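Undergrad: Before I ask anything, here is the structure I am working with.
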């Protein structure tokens, strides 16, 4: 006797047997009951979810000897012929192998003839998106005005490849993926009918592995019935599919919590030695942490999330117990790391085992990472958000006391060649942090000392926004504070830096830094600074005495004014 696989043996023969497509079944039954049956149908959706089966049941409902009924008898001549695939009134056409214009021309000739036994001739074209553009165009007129005794049912897994001219002439029904729980119930019915013993964990593992396809799940169950002897065990399913058990994921989670790196490596090595699919293990890790985050966010109402998580009841209870082992931020970061792991495995950047071990090591040290705000403030783990108007504490940039910098003179414009400072920039002393600046409220006036004390933090803040602007700003120094205006001085050799900082977009970063630190909007002005003339006099006094020749002295003096710090070596 010819063996019939489960997918064909347990194919639904009535609308009541269709699994997981309740809205579509209800719509079709109501249309038949109300005699509002369209001429053309388009059934789209993933593989193995019942598109062709629903088309056959629809053909039965329209041709049953009881009349057009939502519950075909399944026993009359028309019903049995459709079930056996021998009906002359229901023609199933493979769109992949009959995709040319000649086949469509033959179809157009055939629709003129009335049905043999039933009332309606039904054309079921599977994978209709495989038809050529010419074939679709040849079909347009027939779909627009088909004979009253003809119905078209198109089935496809890729509806986006069907021309809009065809879609507009059809009533569309999209079949969704079937939930794992409904697939598991159907598999239990099949196992009972076939007198197979199967563990609930094994049934659930098969249902999850089918990815929403009932046909795939029935095929896997059929295969497991041949693989297992006696009872279909969960271990057998996991071994055959190369998957990891829920217990293994919980062991990895416990090892991450305990910072036990050797245990993590041993579990990965065990999977590798057993020949398990490490790519599937990585996907399982991503799903596991997603489930953990979902339960963590639900809190005490975690039971309400069971409908969104495909796990056994025991696994759900264990997951709820561990929902507080990691913080929400850690779980989000873990999902990001594991999501990147999927792409790395697909691109074959390294052996999957190495990539998984690296990702798990990152998860092992999640607590060593700090939020960006904490890193910018420099306050470490004891960081606390400051109240509005307060200046956050920061460690001094250079704790070693330095001699005070020479006083600067402020000029509002560029200098003439005679008055410009030396191209060699005078040494600028680092700002010595003084005592902790007083906390300034949004309405209080600020002083130059306040700006100098907060200046290192202004630079660091700007660097976090744009590093290049922060580097340019580090060449400036607070020079003056007048009301709500802060004047920042820069030596003339940094004229390019000054012009860059004065651009509106870059100046906004500096203003934002002052507003964050002082809780008030300040006006920022950049000027060119030049050393005090006393420095020039001191430099001149160190030079060699000038010759007595007044004419020569005048020329040399002019040169020495331009090249400050120079001296006469020879006079001849």
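The values are calculated or read from the model by the stated rules, or taken from the named source; none is laboratory data. Keep in mind it's a predicted model, so treat the numbers as computed, not measured. Ideal geometry is used to build each Cβ from the backbone, glycine not excepted, and the neighbour counts take in all protein chains shown.
Undergrad: With respect to residue 349, is the statement that it is under 21 Å from the mean Cα position of the chain (by Cα) and in contact (Cβ under 8 Å) with a residue 24 or more places away in the chain true? Working first, answer last.
TA: Numbers: under 21 Å from the mean Cα position of the chain (by Cα): yes; in contact (Cβ under 8 Å) with a residue 24 or more places away in the chain: no.
No.
Undergrad: Say whether the condition of being touching a strand residue (DSSP E or B) at 6+ places or on another chain (Cβ under 8 Å) and under 17 Å from residue 48 (Cβ atoms) is met by at least one residue in region 190-202.
TA: Filtering region 190-202 down to residues touching a strand residue (DSSP E or B) at 6+ places or on another chain (Cβ under 8 Å) leaves 191, 196-199, 202.
If we keep only those that are under 17 Å from residue 48 (Cβ atoms) too, we end up with none.
Looking through region 190-202, none of the residues is touching a strand residue (DSSP E or B) at 6+ places or on another chain (Cβ under 8 Å) and under 17 Å from residue 48 (Cβ atoms).
Undergrad: For region 476-497, what are the residues that are surrounded by 17 or more Cβ atoms within 10 Å (Cβ to Cβ) and outside any helix (DSSP H, G or I)? First the steps, then the outcome.
TA: Of region 476-497, the ones surrounded by 17 or more Cβ atoms within 10 Å (Cβ to Cβ) are 476-479, 481, 486-492, 494, 497.
The answer is 476, 477, 478, 479, 481, 486, 487, 488, 489, 490, 491.
Undergrad: Yes or no: region 297-314 includes at least one residue that is at positive phi, surrounded by fewer than 16 Cβ atoms within 10 Å (Cβ to Cβ) and within 25 Å of the chain's Cα centre (by Cα). Full working, then the answer.
TA: First, the residues of region 297-314 that are at positive phi: 299.
Cutting the leftovers down to surrounded by fewer than 16 Cβ atoms within 10 Å (Cβ to Cβ) gives us 299.
Filter once more, so that each one left must be within 25 Å of the chain's Cα centre (by Cα): 299.
Yes, there is a match, as at least one residue in region 297-314 is at positive phi, surrounded by fewer than 16 Cβ atoms within 10 Å (Cβ to Cβ) and within 25 Å of the chain's Cα centre (by Cα).
Undergrad: Over 27 Å from the mean Cα position of the chain (by Cα), outside the structural domain of residue 205 (by TED's automatic domain parsing), within 19 Å of residue 350 (Cα to Cα) and part of a helix (DSSP H, G or I): which single residue out of 285, 271 fits that description? Write out each step before concluding.
TA: Numbers: 285 fails: over 27 Å from the mean Cα position of the chain (by Cα).
Answer to the check: 271.
Undergrad: Based on what the data block shows, is residue 104 touching a residue at least 12 places away in the same chain (Cβ under 8 Å), surrounded by 15 or more Cβ atoms within 10 Å (Cβ to Cβ) and in contact with a strand residue (DSSP E or B) (Cβ under 8 Å, 6 or more places away or on another chain)? Break it down into steps so the answer makes sense when it comes.
TA: On the way: touching a residue at least 12 places away in the same chain (Cβ under 8 Å): yes; surrounded by 15 or more Cβ atoms within 10 Å (Cβ to Cβ): yes; in contact with a strand residue (DSSP E or B) (Cβ under 8 Å, 6 or more places away or on another chain): no.
No, not satisfied.
Undergrad: Still on this structure, please answer the following. Condition test on residue 177, is it more than 34 Å from the chain's Cα centre (by Cα), surrounded by 14 or more Cβ atoms within 10 Å (Cβ to Cβ) and touching a residue at least 12 places away in the same chain (Cβ under 8 Å)? Can you show your working first?
TA: Values: more than 34 Å from the chain's Cα centre (by Cα): no; surrounded by 14 or more Cβ atoms within 10 Å (Cβ to Cβ): yes; touching a residue at least 12 places away in the same chain (Cβ under 8 Å): yes.
Spelling it out, it is not the case that residue 177 is more than 34 Å from the chain's Cα centre (by Cα), surrounded by 14 or more Cβ atoms within 10 Å (Cβ to Cβ) and touching a residue at least 12 places away in the same chain (Cβ under 8 Å).
Undergrad: Conditions first: (1) part of a helix (DSSP H, G or I); (2) surrounded by 13 or more Cβ atoms within 10 Å (Cβ to Cβ); (3) at pLDDT below 85; (4) under 45 Å from the mean Cα position of the chain (by Cα). Residue 500 passes all but one, so which condition is the exception?
TA: Every listed condition holds for residue 500 apart from (3).
Undergrad: Is it true that some residue in region 76-86 is crowded, with 20+ Cβ neighbours inside 10 Å, modelled with pLDDT of 90 or more, assigned by TED's automatic domain parsing to the domain that holds residue 168 and touching a strand residue (DSSP E or B) at 6+ places or on another chain (Cβ under 6 Å)?
TA: Yes: region 76-86 contains one or more residues that are crowded, with 20+ Cβ neighbours inside 10 Å, modelled with pLDDT of 90 or more, assigned by TED's automatic domain parsing to the domain that holds residue 168 and touching a strand residue (DSSP E or B) at 6+ places or on another chain (Cβ under 6 Å).
Undergrad: Among 81, 127, 134, which is the only one that is within 42 Å of the chain's Cα centre (by Cα) and under 22 Å from residue 18 (Cα atoms)?
TA: Details: 81 fails: within 42 Å of the chain's Cα centre (by Cα); 134 fails: under 22 Å from residue 18 (Cα atoms).
The match here is 127.
Undergrad: Sticking with this one: Looking at (1) in contact with a strand residue (DSSP E or B) (Cβ under 6 Å, 6 or more places away or on another chain); (2) over 19 Å from residue 15 (Cβ atoms); (3) surrounded by fewer than 16 Cβ atoms within 10 Å (Cβ to Cβ), find the lone condition where residue 38 falls short.
TA: Looking at each condition in turn, residue 38 falls short on (2).
Undergrad: Then there is this: Specify the residue that is farthest from residue 121 (Cα to Cα); the eligible residues are those in region 148-168 that are over 34 Å from the mean Cα position of the chain (by Cα) and surrounded by 19 or more Cβ atoms within 10 Å (Cβ to Cβ). Outline the logic, then answer.
TA: First, the residues of region 148-168 that are over 34 Å from the mean Cα position of the chain (by Cα): 148-154, 165-166, 168.
This time we only want the ones that are surrounded by 19 or more Cβ atoms within 10 Å (Cβ to Cβ), so: 150-154, 166.
Working: 150: 5, 151: 6, 152: 9, 153: 11, 154: 14, 166: 20 Å.
Checked region 148-168; the qualifying residue farthest from residue 121 (Cα to Cα) is 166.
Undergrad: Do you know which residues across region 185-221 are within 30 Å of the chain's Cα centre (by Cα) and closer than 20 Å to residue 11 by Cβ?
TA: Filtering region 185-221 down to residues within 30 Å of the chain's Cα centre (by Cα) leaves 204-214, 216-217.
206, 207, 210, 211, 212, 213, 214, 216, 217 - these are the residues of region 185-221 that are within 30 Å of the chain's Cα centre (by Cα) and closer than 20 Å to residue 11 by Cβ.
Yes/no per residue for (1) under 22 Å from residue 46 (Cβ atoms); (2) surrounded by 13 or more Cβ atoms within 10 Å (Cβ to Cβ):
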| site | (1), (2) |
| --- | --- |
| 92 | yes, yes |
| 121 | no, yes |
| 124 | yes, yes |
| 133 | no, no |
| 141 | no, no |
